[in-house]
Each structure stands twice: as structure tokens, then as C-alpha cells.
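In what follows, a single structure is set out as C-alpha cells and then discussed.
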Amino acid sequence: MLVKIMSAAILGLDAYQIEVEVDSQKGLPGQSIVGLPDASVRESRDRVRAAIENSGFEAPAGYFTINLAPADTRKEGPLYDLPIALGMLLVSEQISGKQLDGQIILGELSLDGSVKPVNGILPICLSMRDSGKKQIIVAKENADEAALVAGIDVLPVESLREAIEYLSDQKKISPHCIDINALFEQDQDFGFDFADVKGQGHVKRALEVAAAGGHNALMVGSPGSGKTMLARRLPTILPPLSIEEALEVTKLYSVTGLLNNKKSLVTARPFRSPHHTTSDIGIIGGGRIPRPGEVSLAHLGVLFLDEFPEFDRKVLEVLRQPLEDGKVTISRAHSTLTYPAQFMLLAAMNPCPCGRLYDMQSRCTCTPFQIQQYWRKLSGPLLDRIDIKLEVPRLKPEELSALPEGESSKIIRERVISARQIQQTRFSGTKVFSNARMTPKQIKEYCVLDAEAEALLKSAIVHLKLSGRAYDKVLKVARTIADLEGAEAIKAQHIAEATQYRTLDKGGERNV
């Protein structure tokens, strides 16, 4: 007897259907799983047999051949446990499957027969919707995530026996529903606020500009000047995710298994802060079976690299392509996968090895050669891709002892949202959503300067020795500053502020 049950698999961020075929022959008890299974799939033989016996059924007699079709794509993970177990019980005629038509079934089995959650449910449900499938059976812990996709009946089960009772028409299971809008209406408590920051008014202004236009930024300052504190507060002024953006980010976290089971939808922009010992594969993604890296996990959010020069040079250089293209393409022998990577890079570093080069309260002990070697860890092309570079000075004693003064994150965020709305209207109908991603054609169209502003920019090109890319960055930042003011045209004061954010272009040497 042959039984076929539909399941699914993940390739990158996309899903495709898998047909689990179960057949039995006379012979010694045993199982053979074919169709390019990995170790976790092959180990399902022992999990399934124990789950069947502990659920009150007999271990099926005979030799079972289990084929995961298509056979030319590699299968991984324990998500085929549940369909394999159901197939073996159907073949051995211990159960009947009256409702086993048109469903996608997946789930990991414990030895006691309970169904555990698996990764990648959201992209699987999105693929189901596109292919016309209407029903999916998943673990109870996966139900909220699966229900994010409208038009799919999500049937949560807690055990193998419960799944059997439903498929045998012995038990009714109501489709699980979730209110996506309610998830967004929940109050997001970041735990941080710009109102907590003492002083550093020009740095907060620069981060506001960065948030409003999606610009990359580099903070240079002595240890203890507040760089990390400011970085942690950047997400509090970023505009909220739309539903479409939230689903896009949630897909990445679902595939990598980082989705919190208590929260099925990522509603806040990601903030990733990898340690400087992270490898290039950890940052960019990859591996034997390619997985998203930190640049993709920071998609539509912030990638914060503290101690910027301490990262391996190879790691930093791989950032150049995603910073430019907003995506990462990983090529391996058997597949080529592309992951989105439209993130804001926020980096922080000391100005020199001892960290006191800009400190007016203590003396730097580094030689000019040591400072030069320290900055040479960062290549010119990489620094050229950073829109805003600013100095973060150490606070004076009177500033440290004073109470925090300044605007709250809520007030700053409102200005950022207004500027982003201007940009969304400006770039309507294109794939560009922020000033930082403007194409050369759009820069020419939307960054028109008057005579005074153009003269000032020409002077800055000579004085700061701006490259062609840096020239475009200044125009993009100036466009964002104008948007924050609600100005239609870029004026001289906007150019003046934008060029101030390039005064560290020579690497540690102030261009003033």
C-alpha cells in the first residue's frame, strides 16, 4: 500500500512543496528514507517509532520506504516527523485518513508523541497561499505565526494522537486566527530614550538625520563618551514597520529559528550588534547550507558594529556589496540564494589605539604612525560608503553632574516619520523608500541646488577632497536635512550641515 502526504521545505526565504511517499513491503522491520535527507531527517526513524508506540499504537511491521519528493533537492530538519508517522500508520491500516486531502502537514515529534514547533512556517504559508493550498496542520506553538497569512486555515495540534483524531474525523479543530493589527497596536517599550542622554546635542541631531534618511553613520570618540548609549537609542526614533515590512523581517527570523514563540510577528525594527570576533560568514551569511547573516537579520533595521576597527578586515570588506546593493547573494555548488540586506550601518570606534586623541581632559600617548595604522584597518572604499561621520566628545564634569536635558525619542520620532512620509511620496512607484537609496538619476532630479548652495558644495569638494561617491552622499544627506525642515529646495544651510558630517574623511584627522 502506498500513501502520499504533502509537506513543505525551505530554500533560502522561499518554500516549496514536498510529497512524503510511504510504502511498505514484507520483510524485517525497518525504514529507509530517500530523497537527499540530512542527518536530522534520517534520525526521524527512531523518533517516529517511539512516538507511535507512546501514542497508544503498535509499531508498524514490515520494511518501510519513505521517499521525499522531489528527490533532487536536499531535505533538512525534523519537520517531516509528523507526516512520516501519519503515513506509516495509514499504510499499516491502524488509522484512516478521511480528511487527508489538500493539506500541508509538518511538525517535529517528541518521543512521547507531542508535536514540537519547526522553523520557517511563515514562508511556507505564504507559498501555500500562492499555490492555492488552503489548510495546514502545525504544532500549537507555530499557530500564531502561520495565522499571519490570510486565506489559510491553520489547524494547531499538540500531539500525534490529536492529529490522528482530526484526520479520522473523530475530533473537530477550529482554524486558528490572529489579529495582525492588534499586534501593531501593542505599546512598544524600548526601555531606552534619547531624553536619558546628557549633552551630545550635535550627535543626537546627526542620528536624527541618519534615521530620517536611512543613512549610514560612524561615531568616533573616546571610551566613555556615550557612543554605545546613543547607538542603543537609535531604534527608538526610527519609523515603525509597515505590515508588509514586518512580514518580510519575520520571514528572516522564522527561517533562522530566531523568532520568539511568544511573539509571532516582528513589529519593531531589528537592532543587531554582533561582537567584533564574528566571522565573515556570521556577518554576511553562508555556510554549507546557506543561512542569513547579521546583515540580513538587520534588514530594515540597524546593524551596530562597536569597536569598528577591531573587526577582521575581511569581515569589513564584505560589507561593501550589501551596503551598495541592499542584498546579499550567496553562491554554493548546489544553489545560489539571495537575501535582503537593506540596513542602516551604525559604527563606533575610538579615534586612536589609546582612545584619547580627541580627549581634552587627558593626553593621547599614540604616535602619528600608530594612529595612521589604526585608521588603515578601515579601507577608503568602506569609509566612502558611510554617509555621516561625527565626533563624539567626552562630557565635561559639569555636564556629567547635570540632569539630562533634551527632547524625548517620541518627539524626535515624529519628525523622522514626517520626513520619511515626504520621501515615500517622492519615490512613489519605485523600489526606493529613503534618500540614502537614491539612484544617480533621482539625485539629479531631486537634489537641485541654488547658486549659493552649489558654490558652497564646490568649495567643500576642494577642501575635503570628496570622491564622486562622497559628493553624492553629501547631496543625499542635504536632501534629508531639507526634508526634516519640510523644505522643497536644498539650500546653503542644508549643504553646510551635510558637509560637517564629512570632516573625518581623512581618517582621524579633522578637516577643519
Inset, instruction - Based on alpha-carbon positions alone, could you give the equivalent ellipsoid semi-axes of the stretch 158-257 from the gyration tensor, as √(5λ), descending, whole Å? - result: 45, 14, 13
Legend entry - Heavy-atom accessible area order for Tyr339, Tyr471, largest first, 1.4 Å probe: Tyr471, Tyr339
Legend entry - Bridge type composition, the stretch 1-149 - antiparallel percent by DSSP, nearest 5: 70
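May I ask you to give the percent of accessible area on the chain that is carbon plus sulfur, with a probe radius of 1.4 Å?
The computed percentage sits at 50.
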Inset, instruction - Pick out, from Ile284, Leu247, Phe184, the residue whose Cα sits farthest towards the positive end of the charge dipole of the chain, with +1 on the Cβ of Lys and Arg and -1 on the Cβ of Asp and Glu. - result: Ile284
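Using the membrane-span-like helix rule (whole DSSP H runs, Cα extent along the own axis of at least 27 Å, mean Kyte-Doolittle hydropathy at least -1.0), which helices of the chain qualify?
none
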Legend entry - Filtered trypsin sites (Lys or Arg not before Pro), the stretch 242-321: DSSP coil and at most 11 other beta carbons within 10 Å: Lys262, Arg288
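What does the extension gain come out to for Arg376 and Ala59, with contour length at 0.36 nm per residue minus their alpha carbon separation?
Gain in length upon complete extension: 107.5 nm.
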Legend entry - For the stretch 86-243: rounded, prolate or oblate by the Cα gyration tensor [a/c cutoff 1.5]: prolate
Legend entry - Modelled FRET efficiency - R0 25 Å, Ile178 with Gln421, Cβ distances, 0.05 increments: 0.35
Inset, instruction - With θ set to phi - 60°, apply the Karplus curve 6.51 cos²θ - 1.76 cosθ + 1.60 along the stretch 330-335 and write out the HN-Hα couplings as whole Hz, x wherever there is a Gly or Pro. - result: 10, 9, 10, 4, 9, 6
Legend entry - Lys26 versus Gln321: modelled label distance in nm, points set 7 Å from Cα along the beta carbon direction: 5.8
Inset, instruction - Pop the C-beta distance of Arg313 and Thr367 into the FRET formula with R0 = 22 Å and round what comes out to the nearest 0.05. - result: 0.55
Legend entry - 14 Å beta-carbon shell around Arg47, net charge (K/R +1, D/E -1): -2
Legend entry - Residues with amide H under 5 Å from that of Gln31, placed H, sequence gap 5 or more: Phe64
Legend entry - Rounded accessible area per residue of the stretch 47-190, 1.4 Å, Å²: 43
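Heavy-atom accessible area per residue, the stretch 460-508, 1.4 Å probe: how many Å²?
Per residue, the stretch 460-508 has 39 Å² of solvent-accessible surface.
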Inset, instruction - Calculate, for Arg288 and Leu111, the FRET efficiency according to 1/(1 + (r/R0)^6) with r their C-beta to C-beta distance and R0 45 Å; round to the nearest 0.05. - result: 0.95
Inset, instruction - Could you tell me the distance between the Cα centroids of the stretch 254-306 and the stretch 316-352, to the nearest Å? - result: 11
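Ignoring ligands, DNA and RNA, how do Leu457, Leu36 rank by accessible area with a 1.4 Å probe, largest first?
Highest to lowest solvent-accessible surface, that is Leu36, Leu457.
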Inset, instruction - Find, among the GluC sites (Glu not before Pro) in the stretch 351-414, those assigned to loop by DSSP (not H, G, I, E, B) with at most 14 other beta-carbon atoms within 10 angstrom. - result: Glu405
Legend entry - Residue order for Ser335, Ser273 - accessible surface, 1.4 angstrom probe, largest first: Ser273, Ser335
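The values are calculated or read from the model by the stated rules, or taken from the named source; none is laboratory data. All of these numbers come straight from a predicted model, not from anything done at the bench. Don't worry about glycine lacking a Cβ; one is built from the backbone with ideal geometry, like all the others, and counts go over all protein chains shown. Heads up: the accessible areas ignore ligands, DNA and RNA and are worked out on the full protein's heavy atoms, side chains in. Shrake-Rupley method; radii C 1.70, N 1.55, O 1.52, S 1.80 Å.
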